[in-house]
């Protein structure tokens, strides 16, 4: 088995899967596609996003069919990721490596699959669907690998090399627990808060649309991704999401108590001084760390 | 009195004031500057941001001194805006128009000043200080005018024309109440939430910095502006800020109850279905309105 990937099969031809397909093809890798939507497959063929296609997960779930496929990449919503992996049991522990693109990992529980390494290529796009695919979507972006099943070295290296060389991504390794908590804080909570903020404006019946320039516009992109994917992420990562939210609420309450001057503070300080100091420290932390 | 501005005096040479100075000079308007920092005045002279300077607010507070000044623009933090206006009483109701740039308006309470129109030019920058000034900071951006003192028509038109012609801004008119509530929702709350989110990451001691790409990066700009200005905005607009926050918390709780499946819903639906529908509706609202 070579560590180089010459042929990949991509399950799920949304923006993520189709972008990986385009990047792969640009490096001369042959791409087979599968999608439950016949229209997506047709679009992918017509637009030269894939070279060939498969008819069903049943067909893919066969060592014979996968004989010359180096790597299978699942690009379906997080909940379906586990379902599809479970429907590919006949090719667990085969020479074909398997990876995914899910933004949540803790629900992916499998036993005895030495050819499965989990991946989270980070795109940061609010678009979805095959027509939003771009060959350079992931170029120079980060890909976080998780190895909860203790993947064989040859599979590990093949998947890692694929992301590095074919997609030109930067690689990091995390445990599943670390991954899900860090992304609860840096991605899932910001998205949840953005959905809530836009929803509250919707319910307020105030005409604010022309006035989004002073801060709201940053929240707009985050409330516009694929709702099915975000539903899955919120539900599957709800424990870490609530931990992250609790942390944010503590910080919010602290600021609010200074703003409303209801915080107990020593007489030698003023609420205004402390609020200024607090905002200044947050700004400095941000500038140092990000 | 001509409706055209030939000479302006700018009080406060931070990023906002100095950017207005640069834009004015680029249109051939003569600019006098004042700042409590001698260094800022020196920088402004050395970098050709202003043509001349004044030594003190006391000096400016004189009809004689202001005789040939068409317009005075206050670009100091929101709280100081009221203080400086009160220190310019000798030129209230003179031929010199007066305006400001504060992001909050409800605290600016004055009686009998027919030459004062309030302005809120919207920049959306996370920078501050004179060295961040740019001549085109406000070009094609929005400027919200508020007229709580029933400003004389000639002053109103002079200020409006200045923003339109010299700064090339788009003009809107709002009441002070409307302005402060709309900007609590679209700007002040997003900033407060961003400060809280960054603070919670700081307090968590998790190393998340490399993983800001998936959503957090949108929040980073908002937690980096001038802390003194944001302290003033939060404190002065706390009533509307808390109203906006209460609205966001209602929406957040609704989403959380669907995520944790603790919401009471009819048996004929599932929490997952309703969550999906909710996220979909928020996304559609966003796409329609913004």
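Scan segment B:219-236 and give yes if some residue there is within 7 Å of chain A (Cβ to nearest Cβ) and over 22 Å from the mean Cα position of the chain (by Cα), otherwise no. Break it down stepwise before answering.
Applying the first criterion (within 7 Å of chain A (Cβ to nearest Cβ)) to segment B:219-236 yields B:219-224, B:227-228, B:230-231, B:234-235.
Filter again for over 22 Å from the mean Cα position of the chain (by Cα), leaving none.
Within segment B:219-236, not a single residue is within 7 Å of chain A (Cβ to nearest Cβ) and over 22 Å from the mean Cα position of the chain (by Cα).
Kindly evaluate residue A:124 against the criterion of being at pLDDT below 95, in the same structural domain as residue A:11 (by TED's automatic domain parsing), surrounded by 17 or more Cβ atoms within 10 Å (Cβ to Cβ) and at positive phi. Walk me through it before giving the result.
Numbers: at pLDDT below 95: yes; in the same structural domain as residue A:11 (by TED's automatic domain parsing): yes; surrounded by 17 or more Cβ atoms within 10 Å (Cβ to Cβ): yes; at positive phi: yes.
Spelling it out, residue A:124 is indeed at pLDDT below 95, in the same structural domain as residue A:11 (by TED's automatic domain parsing), surrounded by 17 or more Cβ atoms within 10 Å (Cβ to Cβ) and at positive phi.
In this structure, does residue A:179 turn out to be part of a helix (DSSP H, G or I) and more than 7 Å from chain B (Cβ to nearest Cβ)?
yes
Among the numbered criteria (1) touching a strand residue (DSSP E or B) at 6+ places or on another chain (Cβ under 8 Å); (2) at negative phi; (3) outside the structural domain of residue B:243 (by TED's automatic domain parsing), which one does residue B:183 miss?
Single failed check for residue B:183: (3).
Answer yes or no as to whether residue B:106 is in the same structural domain as residue B:74 (by TED's automatic domain parsing), at positive phi and surrounded by fewer than 21 Cβ atoms within 10 Å (Cβ to Cβ). It would help to see each step written out before you state the result.
Working: in the same structural domain as residue B:74 (by TED's automatic domain parsing): yes; at positive phi: no; surrounded by fewer than 21 Cβ atoms within 10 Å (Cβ to Cβ): yes.
It is false that residue B:106 is in the same structural domain as residue B:74 (by TED's automatic domain parsing), at positive phi and surrounded by fewer than 21 Cβ atoms within 10 Å (Cβ to Cβ).
Name the residues in segment B:190-208 that are surrounded by 24 or more Cβ atoms within 10 Å (Cβ to Cβ) and either more than 7 Å from chain A (Cβ to nearest Cβ) or in contact (Cβ under 8 Å) with a residue 60 or more places away in the chain (or both), would you?
Passing the criteria: only B:194.
Could you tell me whether any residue of segment A:135-142 is over 15 Å from residue B:216 (Cα atoms), away from chain B (no Cβ under 14 Å) and out of contact with any strand residue (DSSP E or B) (no Cβ under 6 Å at 6 or more places or on another chain)?
Checking segment A:135-142: at least one residue is over 15 Å from residue B:216 (Cα atoms), away from chain B (no Cβ under 14 Å) and out of contact with any strand residue (DSSP E or B) (no Cβ under 6 Å at 6 or more places or on another chain).
Using the structure shown, decide if residue A:131 is surrounded by 16 or more Cβ atoms within 10 Å (Cβ to Cβ), farther than 27 Å from residue B:195 by Cα and either in the same structural domain as residue A:76 (by TED's automatic domain parsing) or at pLDDT below 95 (or both).
Numbers: surrounded by 16 or more Cβ atoms within 10 Å (Cβ to Cβ): no; farther than 27 Å from residue B:195 by Cα: yes; either in the same structural domain as residue A:76 (by TED's automatic domain parsing) or at pLDDT below 95 (or both): yes.
Spelling it out, it is not the case that residue A:131 is surrounded by 16 or more Cβ atoms within 10 Å (Cβ to Cβ), farther than 27 Å from residue B:195 by Cα and either in the same structural domain as residue A:76 (by TED's automatic domain parsing) or at pLDDT below 95 (or both).
Of everything in segment B:209-230, what is surrounded by 20 or more Cβ atoms within 10 Å (Cβ to Cβ), without any contact (Cβ under 8 Å) to a residue 40 or more places away in the chain and farther than 13 Å from residue A:215 by Cα? Give them in sequence order.
Of everything in segment B:209-230, those that are surrounded by 20 or more Cβ atoms within 10 Å (Cβ to Cβ), without any contact (Cβ under 8 Å) to a residue 40 or more places away in the chain and farther than 13 Å from residue A:215 by Cα turn out to be B:211, B:212, B:214, B:215, B:216, B:227.
Can you spot a residue in segment B:159-170 that is touching a residue at least 60 places away in the same chain (Cβ under 8 Å), touching a strand residue (DSSP E or B) at 6+ places or on another chain (Cβ under 9 Å) and under 15 Å from residue A:211 (Cα atoms)?
Taking every residue of segment B:159-170 in turn, none turns out to be touching a residue at least 60 places away in the same chain (Cβ under 8 Å), touching a strand residue (DSSP E or B) at 6+ places or on another chain (Cβ under 9 Å) and under 15 Å from residue A:211 (Cα atoms).
Where the second residue is at pLDDT below 95 and outside any strand (DSSP E or B) and the first is under 17 Å from residue A:22 (Cα atoms) and lies in segment A:136-147, which pairs have Cβ atoms under 6 Å and are six or more apart or on separate chains?
Pairs found: A:137/A:123; A:141/A:122.
Take the residues in segment A:116-129 that are in a loop (DSSP other than H, G, I, E, B) and closer than 22 Å to residue A:178 by Cα; name whichever of them is nearest to the chain's Cα centre (by Cα).
A:122
Residue under question is residue A:57, and the condition is that it be closer than 30 Å to residue A:182 by Cβ, more than 17 Å from the chain's Cα centre (by Cα) and assigned by TED's automatic domain parsing to the domain that holds residue A:138; does it hold?
Numbers: closer than 30 Å to residue A:182 by Cβ: no; more than 17 Å from the chain's Cα centre (by Cα): yes; assigned by TED's automatic domain parsing to the domain that holds residue A:138: yes.
Here the answer is no, as residue A:57 does not meet what is asked.
If I ask for residues that are part of a helix (DSSP H, G or I), without any contact (Cβ under 8 Å) to a residue 24 or more places away in the chain and in contact with a strand residue (DSSP E or B) (Cβ under 6 Å, 6 or more places away or on another chain), which ones from segment B:6-54 would you list? Write out each step before concluding.
Start the filter on segment B:6-54 by keeping residues that are part of a helix (DSSP H, G or I), which leaves B:15-26, B:38-46.
Within this subset, residues satisfying the condition of being without any contact (Cβ under 8 Å) to a residue 24 or more places away in the chain are B:38-39, B:42, B:45-46.
None; the set is empty.
Within segment A:56-79, track down each residue that is farther than 16 Å from residue A:7 by Cα and touching a strand residue (DSSP E or B) at 6+ places or on another chain (Cβ under 8 Å).
Residues satisfying the conditions are A:56, A:57, A:75, A:76.
The values are calculated or read from the model by the stated rules, or taken from the named source; none is laboratory data. Bear in mind the structure is a predicted one, so any value in this text is a computation, not a measurement. We place every Cβ from the backbone using ideal geometry, glycine too, and count neighbours over all the protein chains shown.
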